[in-house]
Structures are given as structure tokens and as C-alpha cells.
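Working notes, beginning with the structure itself.
The values are calculated or read from the model by the stated rules, or taken from the named source; none is laboratory data. Here the structure is a predicted model, which is why all the values come from computation and not from measurement. A quick note on method: Cβ atoms are made from the backbone with ideal geometry, for glycine too, and the neighbour counts reach across all protein chains shown.
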Amino acid sequence: MNMKYKRIIILGGSCSGKSTLANKISLDIGTPVYNLDAFFLDSNWNKKNLNELLEISNKILLKEEGVIDGNYTEVLSERIKWADLIIFIDVPTITHLYRMLYRIITIRLGIEKRYGNPEGTKSEFSLNFLSWVLNWNKKQKKKIFSMLEQTKDKKILIIKNPKKFKIESLFKNDI
């Protein structure tokens, strides 16, 4: 099967479904997935310094194909240039909050494993993470949309529900 898009980036707020969708696309089309949290964060959820982010990002972008999930706006412009498809998952803040709580509970109970966690981390609740989730649509989403508005030569899909996204549409010319 010939796929139209070989370099896909998935953007969206925390707990929007980026990693789950990236892994599903990767499995369905047989291309590698790169969950940026696993590369850019240490086991205590601390972000690596900008030089490390750039070095890691540049190594990933040498790949001819793949699905990359994660925002990291400080190194997003190069991923946008690399991609031939950008998927932005746009969900309301209440959905982010619900999924955050659901994730924490199901992982803690051992019901679910989270895709893309840094090695050795646990999904823990923190006030910093809660604040990040509450403010994401007001702050980070605007920053990313501003970057995407300047992108004229890429296919950009804004989806509201990643569970309903039809991956087979990536094989068609009409998306």
C-alpha cells in the first residue's frame, strides 16, 4: 500500500491523545514512532537543556520517515520543515483534565501503560502539571497555532477526536 505521508508530526496538549494516535499510526503503517517525552525528559520529568533538545531533535529528523509526537516549541520549527503532514489534536481543557486524571488512576492501578514516558518515570499528579494542563489552551495552543499559520506548504489536519481519526485516510489523496 502506498502511503502519501511518510513524515508525520502530532501536536496537542497534554493528555490529548498524541502518543496513542502516534503509536496507532506507526503500527498501522509500519513506520517508526518517536515520542519526544521519552527523548527530551529525564526520569524526574525535567526537560533537558536546549542544546540537548536540538541534538536529539536533529538526529530524529535525519530519518526518512516516522511519526513524531510532542510539542516542544523551542525545537518545533525544524520538525514542521521535516513533516509532510501535521496533525493537531484540539480538545477542550475539560477533556485534558479528565484524561489526565484517568491516566493517573489507570496507570497507578496497573490497568494501562502510557506510551512515550521517559524510562523509569511514573505518572504522578503534581500542581505544576495541573497548572500546565489548565493553561495549555490559553498559552501553548496559541503559540503553536501561530507557528502553524505561517506554514503554507504542509498539509495540516486539526482533529477533535483522535479515536475517530481514520488512519486509512493517510493512504488517500483527499485529506
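List of remarks:
- Qualifying residue in the range 12-20 (condition: at pLDDT below 90, closer than 20 Å to Trp136 by Cβ and of a type in the set (D, E, K, R)): no
- Scanning the range 137-147 for residues that are closer than 11 Å to Asp90 by Cα and assigned to a helix (DSSP H, G or I) yields Lys141, Phe145.
- Hits in the range 148-163 (condition: assigned to a helix (DSSP H, G or I) and loosely packed, with under 15 Cβ neighbours inside 10 Å): Glu149, Lys163
- Applying the condition of being of a type in the set (Val, Ile, Thr) and either within 16 Å of Leu11 (Cβ to Cβ) or touching a strand residue (DSSP E or B) at 6+ places or on another chain (Cβ under 9 Å) (or both) to the range 27-72 and asking which residue is modelled with the lowest pLDDT yields Ile29.
- Filter result for Ile104 (more than 21 Å from Ile159 (Cα to Cα), surrounded by 15 or more Cβ atoms within 10 Å (Cβ to Cβ) and without any contact (Cβ under 8 Å) to a residue 24 or more places away in the chain): yes
- Tally, over the range 71-100, of residues that are within 18 Å of Phe40 (Cβ to Cβ) and either assigned to a loop (DSSP other than H, G, I, E, B) or more than 12 Å from the chain's Cα centre (by Cα) (or both): 9
- Out of Ile89, Ile25, one residue alone is in contact (Cβ under 8 Å) with a residue 60 or more places away in the chain, surrounded by 13 or more Cβ atoms within 10 Å (Cβ to Cβ), in contact with a helix residue (DSSP H, G or I) (Cβ under 6 Å, 6 or more places away or on another chain) and closer than 22 Å to Lys142 by Cβ. It is Ile89.
- Meets criteria (modelled with pLDDT under 95, under 20 Å from Lys155 (Cα atoms) and exposed (fewer than 13 other Cβ atoms within 10 Å of the Cβ)) for Ser77: yes
- Exactly one residue out of Asn44, Asn23, Asn51, Asn58 is of a type in the set (S, T, N, Q) and under 22 Å from Ile167 (Cβ atoms), and it is Asn23.
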